[in-house]
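Chemist: Once you've had a glance at the structure underneath, I'll fire off some questions.
Read-outs throughout are calculated quantities, based only on the coordinates presented, and are distinct from any laboratory measurement. As the structure is a prediction and not an experimental result, all values here were calculated from the model. No Cβ is skipped: glycine too gets one built from the backbone with ideal geometry, and neighbour counts run over all protein chains shown.
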Amino acid sequence: MSSTIKNQQEILDKLNIKNLNPMQEEALLTIQSNPSTVLLSPTGTGKTLAFLLPIIDELDPEKSEIQVLIIVPSRELAIQIEQVIRQMGTGYKAIAVYGGRSGSQDMIDIKHPPAILIGTPGRIADHLRRERFSTESINTLVLDEFDKSLEIGFESEMIEIADALPKIQKKILTSATQRVEIPAFVGMRNPAYLDYSHEQISNLKIKTVLSSSKDKLDTLLTLLDHIGNQPGIIFCNFKDTIQNVSDYLTEKKVNHGCFYGGMEQKDRERALIKFRNGTHQIIIATDLAARGIDVPEIKFIIHYQFPLKKYEFTHRNGRTARMHKEGTAYVIQWVKEDLPDFINVPATDSFRDIELKKSKDQERIRWSTLFVSGGRKDKISKGDIAGLCIKQGGLTNDQIGIIELKQDCAFVGVHESEIENLISSINNTKLKKKKIRVTVI
């Protein structure tokens, strides 16, 4: 743990946040003054920061064991929360553990306990059974997106975790869904409710695009041409549909990534990395991407297939028009298809595919993503990587995009036109005494 513990104002300054939004301000006060809190707020309103600020404020810098346990339904959400804590620069250590991550790496990291442990129910329950960490100092339990964890079948593991924590003094449950039932095993008595779920995303526009073809593929391509070079997500209900759409877009030379539950964790992570750094402007995804993933501002989402439930429609739409920014949700509807009752769009916001006009966007700079075989554990920083690309690789600052640093590797966005020369210049060279491999992913 760092000897320098940041206060709340220093954390907000580091995050470049001038003011908390009303939900975050109320959450801060409520969580601080109540042993049990239920926070309901739409995706994209800043729930993670809302519960982290009061939690971090109450951590004891003198304790060397885990003090906070945060349970999440997905690997992506675990990684996102870990990254948020790192960006906050609190001075406290946080670790995320989840299925698909090396168990031996978990053991190495947990051997030097973090103040905050984040994880999926299955992986946390497994570590508890094996007594890999002490529960004596864990006084705060957060069940983030708890309804999603229950929905995907983690109830028994969550009961096991709750039963294994004898000294919990504070419990926080969060959800983006309005209709939630608090499970009995959490043991919440008279919790304070913060219900912001009714708040609509004011800058969200919803439009339907009528497709003349049942498979909607040509309409999808026309719509993407109409939208132009902007980051967005295409939502499908099944991985087979994703494959079909992906094959079609590949044939039409439209760069994209895919994201669904059946993918290997490494491939899912790399799909998000490429999306964040602009290598891919588009991700084709199931509802797994509707909440709990760390992606940049998204200008649009497309419902290629209708969501099956109203709350799925809400969560998908919540990926755009976040934090008071503008965004559009497009619903592609075959002309002989009826919209679900929960999708209600005025006739003025409905278009036939033949009415869509191609965007006049200029040709954009194309990005590629480099893998670098060195990371934090090798004492390598983002500055070290940027310096290597500039001094030895001959790049300018604007030819280097987002650099994402992991424990044992890094990913770098680079102008596609510079990739070949850069790799020949820096591959198999030394960085901070480590010989690194550099490849395109």
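Chemist: Do we have any residue at all in segment 91-107 that's of a type in the set (Ser, Thr, Tyr), in contact with a strand residue (DSSP E or B) (Cβ under 9 Å, 6 or more places away or on another chain) and within 20 Å of Met158 (Cα to Cα)?
Modeler: Scanning segment 91-107, I find at least one residue that is of a type in the set (Ser, Thr, Tyr), in contact with a strand residue (DSSP E or B) (Cβ under 9 Å, 6 or more places away or on another chain) and within 20 Å of Met158 (Cα to Cα), so the answer is yes.
Chemist: Moving on. So, Ile70, is that one on the phi < 0 side of the Ramachandran plot and not in a loop (DSSP other than H, G, I, E, B) or not?
Modeler: Yes, satisfied.
Chemist: Something else about it: Quick one: is Glu65 part of a loop (DSSP other than H, G, I, E, B) and of a type in the set (D, E, K, R)?
Modeler: Criteria met by Glu65.
Chemist: While we're looking at this one, here's another question. Could you tell me which of the residues Lys391, Lys430 is part of a strand (DSSP E or B), of a type outside the set (Asp, Glu) and surrounded by fewer than 17 Cβ atoms within 10 Å (Cβ to Cβ)?
Modeler: Lys430
Chemist: If you don't mind, another one. Which numbered condition trips up Met107, out of (1) over 21 Å from Leu288 (Cβ atoms); (2) in contact with a Leu (Cβ under 9 Å, 6 or more places away or on another chain); (3) aliphatic (A, V, I, L, M)?
Modeler: (2)
Chemist: Now for a separate question. Answer yes or no: is there a residue in segment 93-108 that is more than 19 Å from the chain's Cα centre (by Cα), assigned to a loop (DSSP other than H, G, I, E, B) and either farther than 26 Å from Ile182 by Cβ or not basic (Lys, Arg) (or both).
Modeler: There is at least one residue in segment 93-108 that is more than 19 Å from the chain's Cα centre (by Cα), assigned to a loop (DSSP other than H, G, I, E, B) and either farther than 26 Å from Ile182 by Cβ or not basic (Lys, Arg) (or both).
Chemist: A follow-up question, please. Hey, Leu422 hits all of (1) surrounded by 21 or more Cβ atoms within 10 Å (Cβ to Cβ); (2) without any contact (Cβ under 8 Å) to a residue 60 or more places away in the chain; (3) closer than 17 Å to Asn277 by Cα but one; which does it fall short on?
Modeler: Leu422 satisfies every listed condition except (3).
Chemist: Give, as residue ranges, the strands (runs of 3 or more DSSP E) completely inside segment 267-382 that count at least 3 residues that are surrounded by 19 or more Cβ atoms within 10 Å (Cβ to Cβ).
Modeler: 282-285, 300-303, 327-334, 367-372
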